[in-house]
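Structure first, then comments.
The values are calculated or read from the model by the stated rules, or taken from the named source; none is laboratory data. Keep in mind the model is a prediction, meaning the values are calculated, not measured. Note that we place each Cβ from the backbone using ideal geometry, even for glycine, and neighbour counts take in every protein chain shown. Heads up: the accessible areas ignore ligands, DNA and RNA and are worked out on the full protein's heavy atoms, side chains in. Shrake-Rupley method; radii C 1.70, N 1.55, O 1.52, S 1.80 Å.
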Amino acid sequence: MSDTTTLTADQIDAADLADWRLLGSALHTRFATKNFAAGLRLVNAIGEAAESADHHPDIDLRYPLVNIKLSSHDAFGVTERDVTLARRISELAAGMGVSADPASVAVVELALDTPDFAAIKPFWLGALGYQENPRSADEVRNGSAAAPTMWFQESGSDEPRQRFHLDIRVPKDQAQRYIDAAVAAGGAVVDTAPTFTVLADPDGNKVCICI
(Lines give C-alpha, C1' and ligand atoms only; values in the text may rest on other atoms or scores of the structure.)
Protein backbone atom coordinates (compact mmCIF):
# COMPACT_ATOMS: atom_id res chain seq x y z
CA MET A 1 0.00 0.00 0.00
CA SER A 2 1.47 3.38 -1.02
CA ASP A 3 1.75 6.29 1.39
CA THR A 4 -0.98 8.16 -0.47
CA THR A 5 -3.53 5.36 -0.43
CA THR A 6 -6.46 6.50 1.67
CA LEU A 7 -7.98 4.08 4.16
CA THR A 8 -11.66 3.22 4.38
CA ALA A 9 -13.69 3.71 7.54
CA ASP A 10 -13.66 -0.06 8.08
CA GLN A 11 -9.88 -0.17 7.78
CA ILE A 12 -9.54 2.64 10.30
CA ASP A 13 -11.93 0.88 12.68
CA ALA A 14 -9.81 -2.26 12.34
CA ALA A 15 -6.72 -0.28 13.36
CA ASP A 16 -8.30 0.01 16.83
CA LEU A 17 -7.25 3.58 17.59
CA ALA A 18 -9.05 3.90 20.89
CA ASP A 19 -8.02 7.54 21.42
CA TRP A 20 -9.13 8.73 17.98
CA ARG A 21 -12.31 9.21 15.96
CA LEU A 22 -12.74 9.50 12.20
CA LEU A 23 -14.70 12.66 11.34
CA GLY A 24 -15.04 13.24 7.62
CA SER A 25 -11.62 12.72 6.06
CA ALA A 26 -9.43 13.09 9.17
CA LEU A 27 -8.66 11.54 12.53
CA HIS A 28 -9.46 13.71 15.54
CA THR A 29 -8.83 13.53 19.26
CA ARG A 30 -8.69 15.71 22.34
CA PHE A 31 -6.29 15.28 25.24
CA ALA A 32 -7.35 16.60 28.64
CA THR A 33 -4.04 18.07 29.83
CA LYS A 34 -5.62 19.84 32.85
CA ASN A 35 -3.11 22.68 32.70
CA PHE A 36 -1.33 24.72 30.05
CA ALA A 37 2.20 23.57 30.94
CA ALA A 38 1.28 19.91 30.49
CA GLY A 39 -0.33 20.75 27.19
CA LEU A 40 2.79 22.52 26.01
CA ARG A 41 4.96 19.57 26.99
CA LEU A 42 2.71 17.25 25.02
CA VAL A 43 2.75 19.55 21.99
CA ASN A 44 6.54 19.70 22.08
CA ALA A 45 6.79 15.90 22.26
CA ILE A 46 4.35 15.54 19.37
CA GLY A 47 6.37 18.08 17.40
CA GLU A 48 9.52 15.98 17.76
CA ALA A 49 7.67 12.83 16.72
CA ALA A 50 6.13 14.62 13.75
CA GLU A 51 9.49 15.93 12.57
CA SER A 52 10.99 12.45 12.90
CA ALA A 53 8.13 10.98 10.84
CA ASP A 54 8.09 13.90 8.39
CA HIS A 55 4.34 13.97 8.87
CA HIS A 56 2.65 16.81 10.67
CA PRO A 57 -0.73 17.02 12.46
CA ASP A 58 -2.83 20.12 13.04
CA ILE A 59 -2.56 21.00 16.74
CA ASP A 60 -4.68 23.40 18.77
CA LEU A 61 -3.26 24.10 22.25
CA ARG A 62 -5.74 25.53 24.73
CA TYR A 63 -6.24 25.62 28.47
CA PRO A 64 -6.76 22.86 29.59
CA LEU A 65 -6.72 20.66 26.49
CA VAL A 66 -5.02 19.88 23.19
CA ASN A 67 -7.03 19.21 20.04
CA ILE A 68 -5.33 17.23 17.28
CA LYS A 69 -6.32 16.53 13.68
CA LEU A 70 -4.46 14.03 11.51
CA SER A 71 -4.81 13.64 7.76
CA SER A 72 -2.51 13.28 4.77
CA HIS A 73 -2.83 16.56 2.89
CA ASP A 74 -1.38 15.09 -0.30
CA ALA A 75 -3.98 12.30 -0.25
CA PHE A 76 -6.99 14.30 1.03
CA GLY A 77 -7.76 11.60 3.56
CA VAL A 78 -6.37 9.24 6.18
CA THR A 79 -3.42 7.02 5.24
CA GLU A 80 -1.19 4.58 7.07
CA ARG A 81 1.06 7.52 7.93
CA ASP A 82 -1.75 8.98 10.01
CA VAL A 83 -2.48 5.69 11.76
CA THR A 84 1.18 5.27 12.66
CA LEU A 85 1.51 8.81 13.99
CA ALA A 86 -1.79 8.55 15.87
CA ARG A 87 -0.48 5.52 17.72
CA ARG A 88 2.76 7.34 18.54
CA ILE A 89 0.89 10.40 19.83
CA SER A 90 -1.26 8.19 22.05
CA GLU A 91 1.88 6.56 23.41
CA LEU A 92 3.41 9.94 24.21
CA ALA A 93 0.27 11.15 25.97
CA ALA A 94 -0.05 7.96 28.01
CA GLY A 95 3.57 8.27 29.05
CA MET A 96 2.81 11.73 30.42
CA GLY A 97 -0.31 10.55 32.22
CA VAL A 98 -2.55 12.56 29.88
CA SER A 99 -5.97 11.05 29.06
CA ALA A 100 -7.71 11.21 25.72
CA ASP A 101 -11.30 12.44 25.43
CA PRO A 102 -12.26 11.52 21.85
CA ALA A 103 -15.99 11.52 22.63
CA SER A 104 -15.90 15.32 22.90
CA VAL A 105 -14.57 16.05 19.41
CA ALA A 106 -16.77 17.57 16.71
CA VAL A 107 -16.33 19.32 13.38
CA VAL A 108 -18.55 22.10 12.04
CA GLU A 109 -19.04 22.47 8.29
CA LEU A 110 -21.06 24.95 6.24
CA ALA A 111 -23.54 23.68 3.65
CA LEU A 112 -25.18 25.89 1.02
CA ASP A 113 -28.22 24.80 -0.98
CA THR A 114 -27.93 25.58 -4.69
CA PRO A 115 -29.32 24.23 -7.98
CA ASP A 116 -25.97 24.87 -9.74
CA PHE A 117 -22.88 24.79 -7.53
CA ALA A 118 -20.50 25.20 -10.48
CA ALA A 119 -21.99 28.63 -11.15
CA ILE A 120 -21.47 29.95 -7.64
CA LYS A 121 -18.36 28.08 -6.48
CA PRO A 122 -15.88 30.57 -8.03
CA PHE A 123 -17.51 33.38 -6.06
CA TRP A 124 -17.10 31.54 -2.76
CA LEU A 125 -13.53 30.54 -3.57
CA GLY A 126 -12.72 34.21 -4.04
CA ALA A 127 -14.79 35.62 -1.19
CA LEU A 128 -13.46 33.11 1.36
CA GLY A 129 -9.94 32.75 -0.01
CA TYR A 130 -10.49 28.98 -0.05
CA GLN A 131 -9.14 26.26 -2.33
CA GLU A 132 -10.88 23.50 -4.25
CA ASN A 133 -10.84 19.91 -3.05
CA PRO A 134 -9.67 17.89 -6.06
CA ARG A 135 -11.49 14.83 -4.72
CA SER A 136 -14.84 16.55 -4.14
CA ALA A 137 -15.97 19.01 -6.78
CA ASP A 138 -18.82 20.25 -4.58
CA GLU A 139 -16.52 21.24 -1.70
CA VAL A 140 -14.19 24.15 -0.97
CA ARG A 141 -11.86 24.26 1.99
CA ASN A 142 -9.46 26.41 3.94
CA GLY A 143 -5.94 25.14 3.32
CA SER A 144 -4.74 26.01 6.82
CA ALA A 145 -7.70 24.20 8.42
CA ALA A 146 -8.35 27.38 10.41
CA ALA A 147 -11.90 27.82 9.08
CA PRO A 148 -14.75 25.38 8.39
CA THR A 149 -15.06 23.47 5.15
CA MET A 150 -17.96 24.54 2.94
CA TRP A 151 -19.85 22.30 0.55
CA PHE A 152 -22.75 22.75 -1.83
CA GLN A 153 -25.93 20.71 -1.46
CA GLU A 154 -27.95 20.17 -4.61
CA SER A 155 -31.45 21.62 -4.53
CA GLY A 156 -34.15 22.61 -6.95
CA SER A 157 -34.45 26.19 -8.15
CA ASP A 158 -37.99 26.89 -6.97
CA GLU A 159 -38.77 25.11 -3.73
CA PRO A 160 -38.29 26.95 -0.41
CA ARG A 161 -34.95 26.19 1.12
CA GLN A 162 -32.90 27.36 4.04
CA ARG A 163 -29.89 28.13 1.87
CA PHE A 164 -27.21 27.85 4.57
CA HIS A 165 -27.19 25.22 7.27
CA LEU A 166 -24.60 23.70 9.55
CA ASP A 167 -23.33 20.13 9.46
CA ILE A 168 -21.96 18.91 12.79
CA ARG A 169 -19.71 15.87 12.38
CA VAL A 170 -19.46 13.88 15.60
CA PRO A 171 -18.25 10.42 16.62
CA LYS A 172 -20.91 7.89 15.69
CA ASP A 173 -21.20 6.69 19.28
CA GLN A 174 -21.97 10.26 20.41
CA ALA A 175 -24.51 11.32 17.77
CA GLN A 176 -27.55 10.36 19.83
CA ARG A 177 -26.31 12.51 22.71
CA TYR A 178 -26.31 15.57 20.47
CA ILE A 179 -29.73 14.71 19.04
CA ASP A 180 -31.25 14.15 22.47
CA ALA A 181 -29.85 17.45 23.77
CA ALA A 182 -31.28 19.38 20.82
CA VAL A 183 -34.70 17.76 21.15
CA ALA A 184 -34.75 18.35 24.91
CA ALA A 185 -34.03 22.02 24.21
CA GLY A 186 -37.12 22.38 22.02
CA GLY A 187 -35.89 21.04 18.70
CA ALA A 188 -37.42 18.35 16.52
CA VAL A 189 -36.15 15.53 14.31
CA VAL A 190 -37.34 16.20 10.76
CA ASP A 191 -35.42 13.57 8.78
CA THR A 192 -33.09 10.63 9.34
CA ALA A 193 -30.65 8.63 7.23
CA PRO A 194 -27.90 6.13 8.02
CA THR A 195 -25.21 8.82 8.20
CA PHE A 196 -27.09 11.91 9.37
CA THR A 197 -30.09 13.23 11.29
CA VAL A 198 -31.75 16.54 10.39
CA LEU A 199 -32.93 18.63 13.33
CA ALA A 200 -34.92 21.86 13.37
CA ASP A 201 -35.05 24.54 16.05
CA PRO A 202 -38.40 26.06 17.15
CA ASP A 203 -38.15 28.59 14.28
CA GLY A 204 -37.60 25.83 11.71
CA ASN A 205 -33.88 26.44 11.14
CA LYS A 206 -32.18 23.15 10.35
CA VAL A 207 -28.90 21.49 11.29
CA CYS A 208 -27.52 18.05 10.41
CA ILE A 209 -25.85 15.81 12.96
CA CYS A 210 -23.51 13.70 10.80
CA ILE A 211 -21.40 10.64 11.54
Can you give me the angle between helix 36-53 and the longest principal axis of the chain, using Cα atoms only, in degrees from 0 to 90, rounded to the nearest 10?
90
Over the chain, with the other protein chains present, what is the accessible area per residue in square angstrom, probe 1.4 angstrom?
54
In degrees rounded to 10, the 0-90 angle between helix 117-128 Cα long axis and the longest Cα principal axis of the chain is 50
Against the 2.2 N^0.38 Å rule of thumb, the C-alpha Rg of segment 105-211 sits at a ratio of 1.13
Measuring from centroid to centroid over Cα atoms, what is the spacing of segment 167-211 and segment 86-134 in Å?
19
Would you please calculate the Kirkwood hydrodynamic radius of the chain over all C-alpha pairs and express it in Å, rounded to one decimal?
18.7
Over the chain, with every protein chain in place, what whole percent of the accessible area is carbon and sulfur at 1.4 Å, could you tell me?
52
Quick check: with the 1.4 Å probe, what order do TYR178, TYR130, TYR63 take by accessible area, largest first?
TYR63, TYR178, TYR130
Give me the extension gain from THR8 to LYS34: residue separation times 0.36 nm, minus the current Cα-Cα distance, reported in nm with one decimal.
6.0 nm
In degrees, nearest 10, range 0 to 90: what is the angle between the Cα axis of helix 80-95 and the longest Cα principal axis of the chain?
60
Estimated [θ] at 222 nm from DSSP helical runs (n ≥ 4, -39500 (n - 2.57)) normalised by residues in the chain, nearest 500:
-9000 deg cm²/dmol
Ranked from the most accessible area to the least, with a 1.4 Å probe and all protein chains present, what is the order of PHE152, PHE36?
PHE36, PHE152
Expressed in angstrom, Rg and Dmax over the Cα atoms of segment 42-147 are 16.8, 52
Proximal lysines to LYS121, defined as alpha-carbon separation beneath 28 angstrom and excluding residues fewer than eight positions away on the same chain:
LYS69, LYS206
What Kirkwood radius, in Å to one decimal, follows from the Cα pairs of segment 3-92?
13.2
ARG87 to ARG163: FRET efficiency via 1/(1 + (r/R0)^6), r the Cβ-Cβ distance, R0 25 Å, to the nearest 0.05?
0.05
